[in-house]
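Take a look at the structure set out below.
The values are calculated or read from the model by the stated rules, or taken from the named source; none is laboratory data. This is a predicted model, so every value here is computed, not measured. We place every Cβ from the backbone using ideal geometry, glycine too, and count neighbours over all the protein chains shown. The area values use the complete protein model at the heavy-atom level, side chains included, leaving out ligands, DNA and RNA. Shrake-Rupley method; radii C 1.70, N 1.55, O 1.52, S 1.80 Å.
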Amino acid sequence: MASHPAHISPDKRFLIFFDFDETIVDETSDDMVVQAAPGQHLPGWLTDTYQPGRYNEYMQRVLAYLAEQGVTESDIRSVMEKIPATPGMLTLFQFLRNRPAKDFEVILVSDANTYFIECWLRRVGARQLFHRIFSNPATFNKDGRLVLRPFHSHDCPRCPDNMCKQVIVRDYVARRTQERGRPYQRIFYVGDGANDFCPALSLGPRDVAFPRRDFPMHRLITETHEAQPGEFKAVTVPWVSAEDVVQRLRKLVAD
């Protein structure tokens, strides 16, 4: 599911992708929603049902459990709205907002869900910054339960069953390049996790990957450079604060 406005100007120079959990926000939203549960924890019988690669299905069960325990939409929204931004992230958003309209097309690609993301972005006043949001669809049904569904299916052995971000990024770039009639000057990817490494592999030598320093995406890029030189093509700029990203973008957009 992609939530989006009807039209994106074709004259954008740069395309920038963001992950959400532990990239835009400084926590994992799926972990934080547990704070809405009775006693702020989940029973062992439920947590024991998690299987590697099937996290989306596990979260479907978690959300069903929360509904059974009487957790409401406002309870969940309240938890989401309290998640802190990562250091410097709101500064980065302000930088992107203040650039000329033709500079940045801003996309969010996340294995969280549309409801959690929309709650948080609206709370900080950043929803309008994002031209597209690609995430697992989540909506409340008539019984007040947040129903989560997988984003898509794919054949990538690296990624969880419900989402390969490289498929999303490749398809989006190809479609937009065709619509625009020309490629972007550069593509940027800001992330942290192992599932952000896969889409960053599709970037070219003029593009820039911004992995959060010492998080899985950064470690995988470093290991790939050592084990398979030339396999990872993008320039790599690790960040501790998103202000590090601002500094590099400021130089690149001035080229």
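One table, with the values for the structure above:
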{"item": "Part-to-part distance (alpha-carbon centres) for region 166-201 and region 112-134, which is given in Å", "result": "19"}
{"item": "Chain lengthening between Thr47 and Ser241 when straightened (0.36 nm per residue, less Cα-Cα)", "result": "66.6 nm"}
{"item": "Proximal lysine pairs, the chain, alpha carbons under 21 Å, eight or more residues apart or interchain", "result": "5"}
{"item": "Calculated P(r) over Cα pairs in 10 Å bins from 0, in percent (choose from (i) 7, 30, 36, 20, 6, 0; (ii) 7, 33, 39, 19, 2, 0; (iii) 6, 24, 21, 15, 16, 12, 5, 1), label", "result": "(i)"}
{"item": "Accessible surface of the chain, 1.4 Å probe, proportion on carbon and sulfur as whole %", "result": "49"}
{"item": "Packing rank of 193-203, 100-110, where each peptide gets the mean count of other beta carbons within 10 Å, highest leading", "result": "193-203, 100-110"}
{"item": "Rounded accessible area per residue of the chain, 1.4 Å, Å²", "result": "46"}
{"item": "Listed residues His41, His218, His131, most fluctuating in the chain (Gaussian network, C-alpha, under 10 Å)", "result": "His41"}
{"item": "Helix 242-253 vs. the chain, principal-axis angle (Cα, 0 to 90°, nearest 10)", "result": "30"}
{"item": "Loop-located GluC sites (Glu not before Pro) in region 178-255 whose Cβ has at most 14 other Cβ within 10 Å (DSSP)", "result": "Glu231"}
{"item": "Cα-based helix-to-principal-axis angle, 165-180 vs the chain, degrees rounded to 10", "result": "50"}
{"item": "With Cα atoms, 0 to 90° folded angle of helix 216-227 axis to the chain main axis", "result": "50"}
